[in-house]
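Data block below; observations after.
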Amino acid sequence: MRNKLVAGNWKMNMTSPEAAATVEAFVSTVELHPEVDVAICPPFTAIPKVHALLAKTRVAIGAQDCFWKEEGAFTGQISPKMLQAEGVTMCIVGHSETRGKFGKLEIPESTLGFFAETDETINLKMRALLFHSITPILCVGETLAERKAGATDRVVSVQLDGALSGFVPDELENLVVAYEPVWAIGTGEVCESGEANRVCAMIRGWLNGRLGEAMASTCRVLYGGSVKPGNARELFHQPSIDGGLVGGASLHPVEFAAVVAAAGR
Ligand code: PGA
């Protein structure tokens, strides 16, 4: 039996005072659903504050990205070792906004190269996170053009191949995978629940084939992309969907609490 997990991805939002006010506003309602695991992924700068506020709760702290080296001359980067020291237990890897495949191209092409995570760097980050006992939330998903070309399953499988290359099942005991179709992120255009369930089942099938049944049956596969209080219950109660990675709705305490409640019984 897999517990549902709802993880809030705050992206580049929330100063530490704003983060503190948001946490204080949702934490008691989230605690009403002990059957749902909850994590918050604040920006790096707010992690210490949010960690202190959540210390006596069961809400986990996640990060949104990391660099794979332990330390050194890597200006601007944050390592899993640093995250572990701040109480971080989960970390998003391979989000479409860091893979350099933005769904929304109002961001100029020239910006893409600054993020440009690849399957190879995602794999390195996965290894570094696991070394520090931080659970990766591995994001995979296709762009609109890839979906229209009928390439969804192939694109997602190639992303899984790259990210999980070289790992054995025991190393990936706590892995979380998030299916996040790029065209559904921040657009308000949610993936239809049956189709989201089909792709999540395909991901579990891939895990089963490559890493074995024990790993595949315990790994949580989340859906992400325009999850809101109004669509969360339908999505989260599909047989192959174990919860959600939530962006916009996680910034609003009332909406986030409602999304967490939707994952409950
Ligand atoms: P959204 O973002 O809920 O705002 O669509 C989801 C995500 O990027 O993880």
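Where a number appears in this text, it was derived from the coordinates with a stated rule and is not lab data. Being a predicted model, the structure only gives us computed values, none of them experimental. Glycine also receives a Cβ, built like all others from the backbone with ideal geometry; neighbour counts cover every protein chain displayed.
Mind giving me the FRET efficiency for R210 and L144? R0 is 25 Å, r the Cβ-Cβ distance, nearest 0.05 is fine.
According to the calculation, E is roughly 0.40.
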| Counting each DSSP H run of 4 or more residues in the chain as -39500 (n - 2.57), what helix-only mean residue ellipticity at 222 nm follows after dividing by all residues, to the nearest 500 deg cm²/dmol? | -12500 deg cm²/dmol
| field | Assigned charges on the beta-carbon of Lys, Arg, Asp, Glu; region 54-98 dipole about Cα centre (debye) | value | 240
| said: With unit charges on the beta carbons (Lys and Arg positive, Asp and Glu negative) and the dipole taken about the Cα centre of the chain, which residue among A63, G87, V156 sits farthest to the positive side? | reply: G87
| query | Under a point-charge model restricted to the Cβ atoms of Lys and Arg (+1) and Asp and Glu (-1), what is the dipole moment magnitude of the chain relative to its Cα centre, in debye to the nearest 20? | reply | 260
| For the chain, with the dipole built from +1 on Lys and Arg beta-carbon atoms and -1 on Asp and Glu ones, taken about the Cα centre, which of P253, T121, G141 lies farthest toward the positive end? | P253
| query | Quick one: if the Förster radius is 25 Å, what FRET efficiency do S133 and E192 give, using the C-beta to C-beta distance and rounding to 0.05? | reply | 0.10
| message | On a 23 Å Cα-Cα criterion, which of the cross-link pairs K11/K81; K49/K81; K4/K56; K56/K125; K11/K228 come out too long? | response | K56/K125
| field | Using a Förster distance of 25 Å, the FRET efficiency for S28-A85 (Cβ separation, nearest 0.05) | value | 0.35
| Once the dipole of the chain is set up with Lys and Arg at +1 and Asp and Glu at -1 on Cβ about the Cα centre, which of F26, F44, C200 lies farthest towards its positive end? | F26
| What is the extension gain from V158 to F74, computed as 0.36 nm multiplied by their sequence separation minus the C-alpha to C-alpha distance, in nm to one decimal? | 27.4 nm
| Can you work out D for region 131-265 in µm² s⁻¹ from Stokes-Einstein, where Rh is the Kirkwood radius over C-alpha pairs, the temperature is 4 °C and the viscosity is 1.567 mPa s? | 85
